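Shown next, in structure tokens, is the structure this report addresses.
Values quoted throughout were computed directly from the atomic coordinates according to the rules given, and no laboratory measurement underlies them. The structure displayed is predicted, hence computed values, not measured ones. Backbone-built Cβ (ideal geometry, glycine too); neighbour counts: all protein chains shown.
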Amino acid sequence: MLLKSISYLSSLAAAATCVAVSATTLPDLPEPVSNNAVAITSVRGKTYIASFMGIGPGKQHSDVHNKVWMHTVGEFNWQSLPAVPSTQKVNGRIAASAVALNNNFFIFGGFSVNADGSEQTAVDSYRIDPVTKRYTKLNDIPVPVDDAVALTYQNRYIYLVSGRSDHGNVNLVQVFDNFTQRWSQATPFPGKSVFGLAGAMADNRMLVCDGVALQYYADKKREYKSEPACYLGTVGSNANQIDWRIIPHPTGTARYRMAGINTKIDGKDMLVFIGGTTNPYNYNGIGYNGTPSEPDSKVWVFSLAEQRWLKAADTTAVMDLRGLVDIDGDIYSVGGMQQGRQVSPKLIKHQIKLQ
């Protein structure tokens, strides 16, 4: 009887373990957050998801924060990490970029919002070790940017593509070399300078789409205009040389603050774009045109092998994203805004179904 009891308890423990390590049981974030920079990395057999900074449910300047949460896949909860440091008067920021490289997280740019509504692009960037939870300040970005695209290459380089600075949008592709800890400039982005764009990269090819450009006039104030455009860049033998080509847009309607990621479908490299909105806004989800923005449910899939867009089924609508994570081949968004501009704590699983 004792042996049966031990066996039964062992079975229960095994079942509990299976539930704990299942990627389909990812817990919600400790609190709702949007416009948070997200990244994922694996170190010594453990996989870590991190959410950096962002804006809370109130969607006001006072809701912008520098909180950090990290989840170890297979465990039940998120843990709070030390807040992202700042050299600015206001610590919180949104529209930052985060990537994982060489077992560390890297955080770049973003902007803070002052009480009077003015904004300031962050000049400082950091590396954080998910194991020690310690930050290391990096050399400042040559031209500080927010709402840019961050992409990694060869487990060494990080590209910051376009984005907005305190003095306007930039067409720069700024490259951080993690070996030398130095910045340099790559072949500039060929399209209009935009912010709120999205991108993804597989091997030496990056695809960058959409965002918002500044439209200038002689007789009135500048306006923010959606820019429906996609460009495919191929990195050459030198990491700073990029051969840019125009790619036909999948719909002709730009999306703002969607997110891109590379994945494999049937063993082939695909660049996938999820979420965003067709009505660009600043940070509270109210469009520049005064109309509340709503998230998009369309999924764009670009086949690198076929050099064309493939049709895919819709997914759960979500906007205000700063990245996606891939866990065992499944793609998740982390936080963001859902219908009605509701700031979400959810990790939404987006199944990619080609049609």
Karplus-derived 3J(HN,Hα), 6.51/-1.76/1.60, for each residue of segment 300-317, Hz, glycine and proline x: 9, 10, 10, 8, 5, 5, 8, 6, 7, 7, 10, 7, 9, 5, 5, 10, 5, 6
Simple Cβ-charge dipole of segment 24-350, Lys/Arg +1 and Asp/Glu -1, about Cα centre, in debye nearest 20: 220 debye
Qualifying chymotrypsin sites (Phe, Trp or Tyr not before Pro) in segment 179-278, DSSP loop, other Cβ atoms within 10 Å at most 13: Phe179, Tyr216, Tyr217
Likely footprinting exposure, Asp146, Asp328, Asp243, fewest C-beta neighbours within 10 Å first: Asp328, Asp243, Asp146
Förster radius 30 Å - calculated FRET efficiency between Ala115 and Phe179, Cβ distance, rounded to 0.05: 0.15
Cα→Cβ-extended label distance, 7 Å offset, between Asn204 and Thr251, nm: 3.3 nm
Net charge, Thr121 excluded, C-beta distance under 12 Å - Lys, Arg +1, Asp, Glu -1: -4
Over the chain: helical MRE at 222 nm, DSSP H runs n ≥ 4 each giving -39500 (n - 2.57), nearest 500: -2000 deg cm²/dmol
Karplus-derived HN-Hα couplings along segment 287-294 (A = 6.51, B = -1.76, C = 1.60, θ = phi - 60°), whole Hz, x at Gly and Pro: x, 4, 8, x, 9, x, 7, 10
Radius 9 Å from Cβ of Ser86, net charge of other residues (Lys, Arg +1; Asp, Glu -1): +1
Net +/- balance of residues flanking Ala229 in space, Cβ distance below 9 Å, scoring K and R +1, D and E -1: -1
Amide proton proximity set for Tyr281, modelled H, under 5 Å, gap of 5+: Tyr288
